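Asks: Sharing a structure with you now.
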Amino acid sequence: MEYINVALDGPAGAGKSSIAKSLAEELGYIYIDTGAMYRSIAVYAIESGIDIKNQRNLLINSLDNINVDIKYKDGTQHIFLNGNDVSERIREADATKGSSDVAVIPEVRLKLVALQRSLAAGANVIMDGRDIATHVLPDAQVKIYLTASVEERAARRLRQMRERGTDGDIKSVEEDIRLRDKQDSEREFAPLRRAEDAVLLDTSDMNFEESVAAVKKIILEKTGELDHVL
Ligand code: DC
């Protein structure tokens, strides 16, 4: 008997977290949002006055003082930074930009990858991120690379922002996504890329329900034959 690990990777705004959240609930898996962990490190840096790009060593030397923890309240994931619930704070624009900047630092990645692996070792999980199939969980039984056109991803991101009560304009959201795509896929250590054995799913022409159904089908096909804990 083994736990099932589902690795769901892809660029910003591809819909990974909404799909993963919905399916985790439906299939009884634990959802792990690894982007939230990078965002929390960015919040630590911002709130400690550390300039991520120019004071990289200061941030690296502070890593032992940073405790990132995930807890579940009423079925939703909350992320804690040194004991404070930062689940909302990490969605702000400075944390979004900063998360991609901290994510290029190998020491940050090593710290968070250790946490991600320990969470995946003890439960059936759907873990979303950029390097889950290629680096964090190379033995995951299910690997999916989810993508969509930049225009579609920007439109979805803007809708999500408006639902949360923040506004923005489509051009700057699109520009931000292009920049993060570039930085996330060009970094040296564990960049964003599709694992050779990951199923590629382009959701540009699918609505949310169709995307969820497509991901679910892949998970059920891949896990159908396995003797796993449910
Ligand atoms: O998925 P997200 O937008 O919350 O991720 C925020 C940033 O964190 C993203 O720009 C790149 C980084 N990230 C990463 O490098 N590796 C992961 N596994 C998850 C996120």
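The values are calculated or read from the model by the stated rules, or taken from the named source; none is laboratory data. Note that the coordinates shown come from a computational prediction; the quantities given were computed from them, not determined experimentally. We place every Cβ from the backbone using ideal geometry, glycine too, and count neighbours over all the protein chains shown. SASA here: full protein model, heavy atoms, side chains in, ligands and nucleic acids out. Shrake-Rupley method; radii C 1.70, N 1.55, O 1.52, S 1.80 Å.
Asks: Give the residue from GLY168, LEU192, ASN207 lying farthest towards the positive end of the charge dipole for region 148-230; charges sit on Cβ (+1 for Lys and Arg, -1 for Asp and Glu) and the dipole is referred to the Cα centre.
Replies: The one lying farthest along the dipole's positive direction is GLY168.
Asks: Using Cα pairs under 8 angstrom and six or more residues apart, how large is the relative contact order of region 5-104, in percent? Before the final figure, lay out the partial values.
Replies: On the way: 97 pairs, mean separation 28.3, N = 100.
This gives 28 percent for region 5-104.
Asks: Label region 140-229 by shape, choosing from rounded, prolate and oblate, from the square roots a ≥ b ≥ c of the eigenvalues of the Cα gyration tensor; if a/c is under 1.5 it is rounded, and otherwise prolate applies when a/b is larger than b/c, oblate when it is not. Could the numbers behind the result be given before it?
Replies: Details: a/c = 2.63, a/b = 1.52, b/c = 1.72.
The shape class here is oblate.
Asks: Another one. Over region 39-86, give the accessible area per residue in Å² for a 1.4 Å probe, as an integer. Let's see the in-between values first.
Replies: Details: 2740 Å² over 48 residues.
Result: 57 Å² of accessible area for each residue.
Asks: So, one more: Rounded to whole Å and sorted largest first, what semi-axes of the equivalent ellipsoid does the C-alpha gyration tensor of region 1-100 yield via the square root of 5 times each eigenvalue? Walk me through the intermediate numbers first.
Replies: Values: eigenvalues 146, 43, 33 Å².
Computed over region 1-100, the values are 27, 15, 13 Å.
Asks: Related question: Can you pull the percent of Cα pairs in the chain with separation above 27 Å? Don't skip to the answer; put the middle values down first.
Replies: Working: 8009 of 26335 pairs.
In whole percent, the share of Cα-Cα pairs in the chain beyond 27 Å is 30.
Asks: Quantify, in whole percent, the carbon and sulfur part of the accessible surface of the chain (1.4 Å probe; protein heavy atoms only).
Replies: Numbers: 5510 of 11420 Å².
Whole-percent figure for carbon plus sulfur exposure: 48.
Asks: Please return the longest range in the chain lying between exposed loop sites, taking trypsin sites (Lys or Arg not before Pro), DSSP loop only, at most 14 other beta-carbon atoms within 10 Å, and leaving the sites out. If you can, show how the numbers build up before the last one.
Replies: Details: sites that count: LYS53, ARG164.
Free of exposed loop sites, the longest segment is 54-163.
Asks: Find, among the GluC sites (Glu not before Pro) in region 60-134, those assigned to loop by DSSP (not H, G, I, E, B) with at most 13 other beta-carbon atoms within 10 angstrom.
Replies: Details: sites: GLU88, GLU92, GLU107; in loops: GLU88, GLU92.
Answer in residue order: GLU88.
Asks: At a probe size of 1.4 Å, how large is the accessible area of SER17, to the nearest 10 Å²?
Replies: Roll a 1.4 Å probe over it and SER17 shows about 40 Å².
Asks: Follow-up question, since we're still on this one. At 1.4 Å probe size, with no ligands or nucleic acids counted, give the accessible surface of LEU110 in Å², nearest ten.
Replies: Per-residue accessible area (LEU110): approximately 100 Å².
Asks: Under the rule a/c < 1.5 gives rounded, and otherwise a/b versus b/c splits prolate from oblate, where does region 62-155 land using the Cα gyration tensor? Don't jump to the answer; show the numbers that get you there.
Replies: Working: a/c = 1.31, a/b = 1.07, b/c = 1.22.
Rounded is the answer for region 62-155, as its axis ratio a/c remains below 1.5.
Asks: Using a 7 Å offset from the Cα along the Cα-to-Cβ direction at both LEU119 and ASP85, what is the distance between the two label points in nm, to one decimal?
Replies: Each label point lies 7 Å from its Cα, and together they span 1.7 nm.
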